[in-house]
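Report on the structure given below.
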Amino acid sequence: MSTETQKGTLFTPWNIVAGIILAAGVVVTIMRFTMGLGAVTNLSDNNPWGIWIGFDLLCGVALAAGGYTTSAACYIFGFKRFHGAVRPAILTAFLGYALVVFALNYDVGRPWRLPYPIFYQQGTTSILFEVGLCVFIYLTVLFLEYLPAALEWKRGFDKYRDILVKLTMGLTILGVILSTLHQSSLGALYLIAPSKLHPLWYTPYLPVMFFMSSMFAGMSMVIFEGTLSHKHFHHKMDDEYNLGYEDLQMAFSKAAAWIMAGYLAMKLLGLAMDNRWQFLGTGYGAWWLVEVVGFVALPCYAYAVAYRDRNLKLARFTALWTVLGIVLNRFNVSLVAFNWQLPSVDRYFPSAGEIIISLFVVTIGVIAFRFIVTRMPIFYVHPAYKDSSH
Amino acid sequence: MKRRHFLGLLGAAGVTLGSGATAKAASLGDVKGLPNAGGVLFDASRCIGCRKCEAACNQVNDLPKPAKAFDDLTVLDATRRTDAKTYTIVNKYVPDAGKPPVFRKIQCNHCMEPACASACFVAAFKKSETGAVVYDPDVCVGCRYCMVACPFNIPAYEYDKAFTPRVMKCTMCQPRLLEGKLPGCVEACPKEALVFGKRRELLNLAWDRIGGNPGRYVEHVYGEREMGGTSWLTIAPKPSFAALGMDENLGTTSAPELTSGALAAVPAVAGIWPVLLTGLYAISKRKEKIAESEKQAAVSAAIAKASADAEAKLSEELAKAEVANKRRIEVEVKKALEAAAKAGEEGEDA
Ligand code: SF4
Ligand code: SF4
Ligand code: SF4
């Protein structure tokens, strides 16, 4: 897969697939911005939000939560041995958020007005306003957190790099605040539509649920992404990274297991307090059980076992499992359980164009990640900065 | 088990509930300021499904001509909703098979506390003095959260426009109201199924009709309280509103109230987290410090032990050399002292 080193093999399977996706993405992009949303999406008056919100925004933000969880663990909770994992997590988060914002340009009708709610006229009663503001500021924070790596790559900016490194603690705290706010706000977006979201998913706890699940989503992504990176960028990694890395996977398995257990308890509590047990007997109830038992309870248990037995393989497998569970949850809230009372002919299913753009965005993310980690000190400490605390 | 659980949970982290109350009060204030706002009462028992209101709406709002003419009543055989080219439509329902159908006109209900306005992050929607909920296309970003939020599925979008897509919905004929005219549909209705007036008076009229025709109407004015109340009210013949495709379970909680808890948590989170996190940081720093000083204590203990051992050895030697001559004693003492000094140095190095 790693093509840089094998000269003359430009036509690897990965490159061919990526090339096709990029080409298709460009075509759909041109269609979208010349012919309007209707030409490439299956969105309708009943289904104003499709996978560009359900996947690109909701999943994108949840899975980029590794940035704040890892840097908080390292800098605030003092798990210094995870230091090596911070840069990859920050980079993943930064790219994740940048792509979320990039993808939003496709979804909104007049993307050039995206700064309006922040700089021109503020709809402060809107949860979406809060989401927008936090994502905007957090993207800036992540950029500043990532910047030292770029400045170490192109030498000669030590002054700026050192200033940024000094800001690490402040930026980390700011990052945690902003993440708490917008991760939960994404759930709160749906609080306004109790009549549209199925009662098994609609609960006043939605904001807390989204926040809690973002934590284990982020940790799982760190484990998952670390595993993948190990396969493909092993030659880039130094001892500090490698030493801390397995430790981190174990620690995050344990933490994720605990948070998932709490999340599970909240799911059941919501059900009991609103007395919604009767819905469990329906088709939606079965689907809810698939999500909650199959993609929360079981992986929670698997994480706990993986931690107890120090079973790295199981932890990595569970990470992927949990990531899929998060995607399933966000899809359920935004697409499957949303508009559940509409007749099936009026329900939404994504168009080819929408799927292509979502793949396009993910592909750009992977390419950008590869570009950066093969050039900048992400998996290793730059020799010139060995003694620096960052 | 309704609102503000989010806040309640954060309350566990030491947050007061005060900010939630203010957020709610502020949003309710908007409504109290409009006691004389207008509205429309729709009486489904009077509607004959002639589509004259649809035609009038199309005309007064300069909307594109429809595919089928307005006097073509076969359109009524399918259930429709409003769209970007149609602010209002009439649907046909048959609550009791074999009995005559009932018709319902659908358009924006001009909520007292509109979900669309509460949801919009550029404040493109406003509840105006007239009672109309109006939209400003000059600021709209096109995020379509208003469409997600509206409990009545009213706002529609111009999905086919690449550069100037707008959210489209009934304006209650705001331009005409400001000129002192009636809404187009109200004026066109041949059966007076639509009545324009002040909301309060319309409510009285609605309840008079329900009370004056025992057994005819559902005993409920739809929109009196739904989602915090609407300016456009509906009364309908028995058996139910549900038979006319209307959601009877919307509840009376207004849209701003549904989200005020989560919004009120914002200052709480922003206030509490820095304190909490700095505290945690301090604890982890302190842990490091304690570990550091424990290490140092261990080192000095080792040194102390080493010199104590040396002293013990010295006195032992002294006892042994009790009878020996002074010179030998002196030599031994010197030796022992040297050994002790050396041991001390080693201890320090450790
Ligand atoms: S009916 Fe819908 S569009 Fe009309 S004011 Fe109420 S929330 Fe807004
Ligand atoms: S689509 Fe326009 S009017 Fe609707 S919420 Fe978004 S910005 Fe506001
Ligand atoms: S009030 Fe005006 S805009 Fe609304 S349905 Fe009637 S004619 Fe159309």
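The values are calculated or read from the model by the stated rules, or taken from the named source; none is laboratory data. As the structure is a computational prediction, the values presented were derived from the model and not from experiment. Note that each Cβ is placed from the backbone with ideal geometry, even for glycine, and that neighbours are counted across all protein chains shown.
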Query raised in the report: With A:GLY132, A:GLY187, A:GLY109, A:GLY170 as the choices, which residue is within 12 Å of chain B (Cβ to nearest Cβ) and more than 30 Å from B:GLU113 (Cβ to Cβ)?
Result: A:GLY170
Report summary line: Checking A:LYS254, A:LYS313 in turn, the sole residue that is free of Cβ contacts under 8 Å to residues at least 24 places away in the same chain and farther than 14 Å from A:MET212 by Cβ turns out to be A:LYS313
**Report entry** Boolean, A:PRO194 is surrounded by 24 or more Cβ atoms within 10 Å (Cβ to Cβ), without any contact (Cβ under 8 Å) to a residue 24 or more places away in the chain and within 14 Å of another protein chain (Cβ to nearest Cβ)
**Finding:** no
Query - Subset of the stretch B:211-229 [away from chain A (no Cβ under 14 Å), within 16 Å of ligand 1 (Cβ to nearest atom) and touching a residue at least 40 places away in the same chain (Cβ under 8 Å)] - result: B:GLY223, B:GLY229
Query raised in the report: Could you say whether any residue in the stretch B:207-220 is more than 16 Å from ligand 2 (Cβ to nearest atom), within 30 Å of A:TYR202 (Cβ to Cβ) and touching a Lys or Arg at 6+ places or on another chain (Cβ under 8 Å)?
Result: yes
Report task. Please tell me if B:CYS170 is under 22 Å from the mean Cα position of the chain (by Cα) and part of a loop (DSSP other than H, G, I, E, B). Result -> no
**Report entry** Members of the stretch B:167-179 found to be buried (at least 20 other Cβ atoms within 10 Å of the Cβ) and either within 13 Å of ligand 2 (Cβ to nearest atom) or hydrophobic (A, V, I, L, M, F, W, C) (or both), listed by number
**Finding:** B:VAL167, B:MET168, B:LYS169, B:CYS170, B:MET172, B:CYS173
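Where residues in the stretch B:121-141 are more than 14 Å from ligand 1 (Cβ to nearest atom) and charged (D, E, K, R), which of them is surrounded by the fewest Cβ atoms within 10 Å (Cβ to Cβ)? Can you show your working first?
Narrowing the stretch B:121-141 to residues more than 14 Å from ligand 1 (Cβ to nearest atom): B:121-122, B:129, B:137-139, B:141.
Of the ones still in play, those that are also charged (D, E, K, R) are B:129, B:138.
Numbers: B:GLU129: 13, B:ASP138: 11.
Restricting to residues being more than 14 Å from ligand 1 (Cβ to nearest atom) and charged (D, E, K, R), the top hit is B:ASP138.
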Query - Only listed residue being in contact with a strand residue (DSSP E or B) (Cβ under 9 Å, 6 or more places away or on another chain) and either within 14 Å of ligand 2 (Cβ to nearest atom) or under 21 Å from B:GLY228 (Cβ atoms) (or both), chosen from B:GLU158, B:GLU192, B:GLU187 - result: B:GLU158
Query raised in the report: Considering the stretch A:289-345 alone, what residues qualify as being part of a helix (DSSP H, G or I) and of a type in the set (Asp, Glu)?
Result: A:GLU291
Report task. Given the conditions (1) within 14 Å of chain A (Cβ to nearest Cβ); (2) of a type outside the set (A, V, I, L, M, F, W, C); (3) in contact (Cβ under 8 Å) with a residue 40 or more places away in the chain, report the number of the one that B:LYS126 does not fulfil. Result -> (3)
Query raised in the report: Which ones in the stretch B:230-266 are away from chain A (no Cβ under 11 Å), among the hydroxyl-bearing types (Ser, Thr, Tyr) and buried (at least 21 other Cβ atoms within 10 Å of the Cβ)?
Result: B:THR230, B:SER231, B:THR234
Requested in this report: Identify all residues within the stretch A:1-39 that are among the polar types (S, T, N, Q) and at pLDDT 90 or above; write none if there are none.
Outcome: A:THR29, A:THR34
Query raised in the report: Pick from the stretch B:142-153 the residues that are more than 7 Å from chain A (Cβ to nearest Cβ) and within 22 Å of A:TRP52 (Cα to Cα): which of them is farthest from ligand 1 (Cβ to nearest atom)?
Result: B:CYS146
Requested in this report: Mind listing just one residue for me: the one in the stretch A:40-75 that is crowded, with 23+ Cβ neighbours inside 10 Å, at the interface with chain B (Cβ under 9 Å from one of its Cβ atoms) and more than 19 Å from A:ARG330 (Cα to Cα) and, of those, modelled with the lowest pLDDT?
Outcome: A:TYR75
